[in-house]
Every structure is written in structure tokens, then in C-alpha cells.
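The values are calculated or read from the model by the stated rules, or taken from the named source; none is laboratory data. Just so we're clear, the structure is a prediction, and the values are computed from it rather than from any experiment. Note that each Cβ is placed from the backbone with ideal geometry, even for glycine, and that neighbours are counted across all protein chains shown.
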Amino acid sequence: KKSWVLMVTAQTPTNIAVIKYWGKRDESLILPINDSISVTLDPSHLCTTTTVAVSPGFTHDRMWLNGKEISLSGGRYQNCLREIRSRASDVEDEKKGIKIAKKDWENLHLHIASYNNFPTAAGLASSAAGFACLVYSLAKLMNVKEDNSQLSAIARQGSGSACRSLYGGFVKWIMGKDDNGSDSIAVQLVDEKHWDELVILIAVVSSRQKETSSTSGMRETVETSPLVLHRAKEVVPKRVVEMEEAIKSRNFPAFARLTCSDSNQFHAVCLDTSPPIFYMNDTSHRQAIWIISCVEKWNRSEGTPQVAYTFDAGPNAVLIARNRKVAALLLQRLLFHFPPQSDADLNSYIVGDKSVLM
Ligand code: PMV
């Protein structure tokens, strides 16, 4: 019997939350305690490229991340693979003479190769791009008919924030009510063209891997922080409504106020955890404080906000400028105060949108 290989390659950008997800109500299905909203970056920066291949010659499922083989035995990978396989359809490639029936997918094995063009697990949401890309490329390979929202519920089981990377533009992850997670999905609020004046700058302060994983961090926060329930029940629902409104009407002052406040509250909740979670070391903390006070002063002196900042579970600052002019000024200030070091890890600035500023 002739052997063959069928392959699909996909590319998925990462996303940055402007209303943060922090805390799960169900750990194995990855169901959150609040809605969240993010912006998906341009695919030319911070993205994952994944090639998935199937062949009757493969003896078991295997995966390589950045060229190194990793284990697929973890529950998160297994959940994604199982969910996708169960939705596979017939596939036919006439040119190659390949025919795969729906039922064959259960017995065929996969090889998966994935590359991140940015530091993995340094709080730059590498798992978001990674799982979104894995689920999307497998869905294409196996001719899965579900739409992106339905696929988002599968990517969610790999990494919560991954569900938001299946769409461009601004995306909302609806927490959902069902215990089985079927309504905990991502929806697109507006596409990438809606607010294309925005420029996103990412100051990569450190590409070292973070010490507290988001999974254990969230668990500790939910178990010990009195503040997190107040956040999830009283604060975020209102912010989500206001944020959606700000995005739809391109109201930058409201957008910036909400983004900065939500980032600060997320870090407050981490500090409210026992023992407290710090996502910064000495150097990055100093830089973060400088960046925050610089942005706050700048916004006040202009009378209306020009820049928003947000920090995820890592030291890298994400800055969102209202337009290219502001972004160029911001970049100059950052480069002046934190000139790039010989160490490529420190102080490199990634421009996360279509515009080229450097
Ligand atoms: O999806 P995870 O487990 O990597 O968690 C992401 C958590 C934050 O990045 C801090 C917030 C978010 O909403 O992306």
C-alpha cells in the first residue's frame, strides 16, 4: 500500500487582554469566573506557526515545540486532540489519491510541529497563540465543520486565553453558564479594521520564563483572595459593558482608563493572594513603575489619555498608543530611558501592529 502524508500549516497571533481573565470555576474544563476582552495582535508579530501532518506511517501522536519534542500526554493536549478528532469528517485529496473516512481518524496518528517567534511562557501569552493554532490547524486537516466560536471552546480547554486568539480585532470570551462549558466561547466584538489607528508596543523587559504558572497562580488566588470574588462579581461585569461600548465607539479615553485600571486590579488580586504572587523581579518592577508613572503623567499633562498600559502574568509592558504619532513619541521615550542592551533579551521593543516604526 502506497504511503502518504497530508499536511496543513496555520499561523495564529497572540492576544493581549484589556479586561483580564484570572480565576477558574472549573479547572479541567477551564471555565472562568468572569468574562474577559482582548485585542489580537497582527500576525506578523508574536505568532505561532503550526504544521500538522497525518500519515498511515505514523505510529503515535508526536509534537515538537520550537524544534524540541514535547510530551502530548498532558490533559490539556489530550482534551484538544480528543475533541477535534470526535468532530473530524471525510477528507479527500484527489491529486494525491488520498481518501480518509470519518471513522479512520480514530486510528491515524499525527505529527505536530509548532514554532513561536517570541519567548515562550514569559507572560506573552505564548500558550494562547499555541493552542489556538493547534486547534485551528487540526480542524482544517480533519475537515471539522464547526465555526470559530465552536472551535474556541476546544482551544479554551488547552489554555483559557487561547479561545480569544481564534479571531482578529477585539474579542470577548463569554464565561458562560453551563457546567459542560459549551457556552464558554469567544466572540468577535469588532474586526481588526475597526480601530486600526491603535498601535500596540510591547516592551520585552525579560524573556525569562515566569516562576508562577497562571494555572497555580489562579488556583491560589481563587482559594485565598477575598478581593477576587468582589472583582469577578462586582467590578468586571460593569467594566466589560463599558469596555465594549468604548471599543465600538473608539472612545480612547474610556478605553485607556478601563485597560489601566483592570491591569492594576489584576495585579492587586495577585498581591491579595496568600502567599502573594509577584510577576516582576527587581529590574522589571523598576521599569514597570517608570513606565506606569510616565504614562500616567503624560496622560494627565495632555488633558486626555494618549497611551494605555497593561501587564499580564509577567514583567513585559504592553503599551497601546492612540495613534502612530503618539506611538513614535512613546518609542523614543522608551528607547531614551531604557536603551537596548547587548543582551538581546532586555529592552527590545516589539511593535505589535501593521505599522513599522523602527
Ligand atoms: O490562559 P492562561 O492560563 O495563560 O491565562 C492568562 C491569564 C492572563 O494573561 C494574565 C490574563 C488574560 O486574560 O489573558
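Structure data summary
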| quantity | calculated |
| --- | --- |
| Residue selected from the stretch 9-36 under the condition of a type in the set (S, T, N, Q), assigned to a loop (DSSP other than H, G, I, E, B) and surrounded by fewer than 24 Cβ atoms within 10 Å (Cβ to Cβ), by the criterion modelled with the lowest pLDDT | Ser28 |
| Tally, over the stretch 254-272, of residues that are of a type in the set (D, E, K, R) and under 19 Å from the mean Cα position of the chain (by Cα) | 1 |
| When residues of the stretch 285-316 are limited to those that are modelled with pLDDT under 85 and either part of a loop (DSSP other than H, G, I, E, B) or surrounded by 22 or more Cβ atoms within 10 Å (Cβ to Cβ) (or both), the one farthest from the ligand (Cβ to nearest atom) | Gln287 |
| Scan of the stretch 279-298 for residues that are under 25 Å from the mean Cα position of the chain (by Cα), over 18 Å from Leu335 (Cα atoms) and free of Cβ contacts under 8 Å to residues at least 60 places away in the same chain, ordered by number | Met280 |
| Matching helices (runs of 4 or more DSSP H) fully within the stretch 67-179 where at least 3 residues are in contact with a Leu (Cβ under 9 Å, 6 or more places away or on another chain) and surrounded by fewer than 23 Cβ atoms within 10 Å (Cβ to Cβ) | 75-85 |
| Subset of the stretch 181-205 [surrounded by 21 or more Cβ atoms within 10 Å (Cβ to Cβ) and polar (S, T, N, Q)] | Ser184 |
| Residue in the stretch 107-116 that is within 16 Å of the ligand (Cβ to nearest atom), aromatic (Phe, Trp, Tyr) and under 21 Å from Gly160 (Cα atoms) present | no |
| Residue list for the stretch 267-291, filter: out of contact with any strand residue (DSSP E or B) (no Cβ under 6 Å at 6 or more places or on another chain) and β-branched (Val, Ile, Thr) | Val269, Thr273, Ile277, Thr283, Ile289 |
| Residues being touching a residue at least 24 places away in the same chain (Cβ under 8 Å) and among the basic types (Lys, Arg) - total across the stretch 299-318 | 0 |
| Candidates Val52, Val39 - the one that is in contact (Cβ under 8 Å) with a residue 12 or more places away in the chain, within 16 Å of the ligand (Cβ to nearest atom), buried (at least 17 other Cβ atoms within 10 Å of the Cβ) and in a strand (DSSP E or B) | Val39 |
| Flag if Ile277 is β-branched (Val, Ile, Thr), modelled with pLDDT under 95 and part of a loop (DSSP other than H, G, I, E, B) | yes |
| Of the criteria (1) over 13 Å from Ile320 (Cβ atoms); (2) hydroxyl-bearing (Ser, Thr, Tyr); (3) crowded, with 22+ Cβ neighbours inside 10 Å, which one Ser261 fails | (3) |
| Helices (runs of 4 or more DSSP H) contained in the stretch 181-251 and holding at least 2 residues more than 16 Å from the ligand (Cβ to nearest atom) and closer than 27 Å to Gln306 by Cβ | 236-248 |
| From Ala254, Ala321, residue being in contact with a helix residue (DSSP H, G or I) (Cβ under 7 Å, 6 or more places away or on another chain), free of Cβ contacts under 8 Å to residues at least 40 places away in the same chain, of a type in the set (A, V, I, L, M, F, W, C) and over 21 Å from Ser214 (Cβ atoms) | Ala254 |
| Filter pass, Met142 being within 13 Å of the ligand (Cβ to nearest atom), touching a residue at least 24 places away in the same chain (Cβ under 8 Å) and of a type in the set (A, V, I, L, M, F, W, C) | no |
